[in-house]
Amino acid sequence: MTSQPAATLRTRFVDQAASDLKENRRRQQELTEKIRMLKQEEALLVDILELAERYESLAESSPPSEEARKGPVTTGSTSRRASSSPSTGTPAGRAGRTEKPARTAAKEKARQPLLGDLLLSLLAGADEPRLAKELRDELLEKHPDRDPTPQVVRNALESLVARGHIRRHKQQRSVRYALEESGRRRTA
């Protein structure tokens, strides 16, 4: 009779261990996905900082236009928040020494072309409209250091459509993108 309760206890331990292992692996996968998303978010934020720096250099070199004066509020506040001193909270523009870590990371990232520029160059070489998935696959092939999600690629393409650099072609449920004719002449 003592062997039966011991076997039951052992079965319970094995079942519990298997269940715990399954839960552990699920949580690991969940955390891996969160880390991947955070890395993409980091790359996007560095791109925003780079754009803010470009915007600042353009604003300093020429008088601001009406659109530039109204520019997006979030870009400026994001760059100040990201480059503030952790100990004092002072914006980087006031204390030259505190801006180095954020600016250094932004400058390292600045050496890489922007995702939109890469997509424009891929579309410039295409004779017909292309799917976002095709563009992402070619981007991953030509730039293995870049790994944007399909959604990030679609967002970048839609941003280029909004700025008039590319056209969107809808065919039933698929959306294809092509360089605007005026853009084709500029890049050629």
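The values are calculated or read from the model by the stated rules, or taken from the named source; none is laboratory data. Worth saying up front: this structure is predicted, and the values here are computed from it rather than measured. All Cβ positions, glycine included, derive from the backbone under ideal geometry; neighbour counts span all protein chains shown. Quick note on the areas: whole protein, heavy atoms, side chains included, nothing else; ligands and nucleic acids left out. Shrake-Rupley method; radii C 1.70, N 1.55, O 1.52, S 1.80 Å.
Among the residues of region 132-171, what is the count of those that are open to solvent by 50 Å² or more (accessible area, probe 1.4 Å), more than 16 Å from the chain's Cα centre (by Cα) and either under 19 Å from Glu41 (Cα atoms) or of a type in the set (A, V, I, L, M) (or both)?
1
Taking into account only those residues within region 4-33 that are within 40 Å of the chain's Cα centre (by Cα) and basic (Lys, Arg), which is least open to solvent (accessible area, probe 1.4 Å)?
Result: Arg26.
Can you find a residue in region 163-177 that is part of a helix (DSSP H, G or I) and either in contact with a Gly (Cβ under 9 Å, 6 or more places away or on another chain) or not polar (S, T, N, Q) (or both)? Explain how you work it out, then say what you get.
We begin by selecting, within region 163-177, every residue part of a helix (DSSP H, G or I); these are none.
No; the residues of region 163-177 include none that is part of a helix (DSSP H, G or I) and either in contact with a Gly (Cβ under 9 Å, 6 or more places away or on another chain) or not polar (S, T, N, Q) (or both).
When you check Ala106 against the structure, is it open to solvent by 30 Å² or more (accessible area, probe 1.4 Å) and at pLDDT below 85, yes or no? Let's see the steps before the verdict.
Working: open to solvent by 30 Å² or more (accessible area, probe 1.4 Å): no; at pLDDT below 85: yes.
Considered against the rule, which asks whether it is open to solvent by 30 Å² or more (accessible area, probe 1.4 Å) and at pLDDT below 85, Ala106 comes out as no.
Listed residues Pro72, Pro86, Pro64; which is modelled with pLDDT under 80 and under 22 Å from Val153 (Cβ atoms)? So that I can check it myself, show each step before the final result.
Numbers: Pro86 fails: under 22 Å from Val153 (Cβ atoms); Pro64 fails: under 22 Å from Val153 (Cβ atoms).
That would be Pro72, the only listed residue that is modelled with pLDDT under 80 and under 22 Å from Val153 (Cβ atoms).
Any chance you could count how many residues in region 126-142 are touching a helix residue (DSSP H, G or I) at 6+ places or on another chain (Cβ under 9 Å) and at pLDDT below 90?
1
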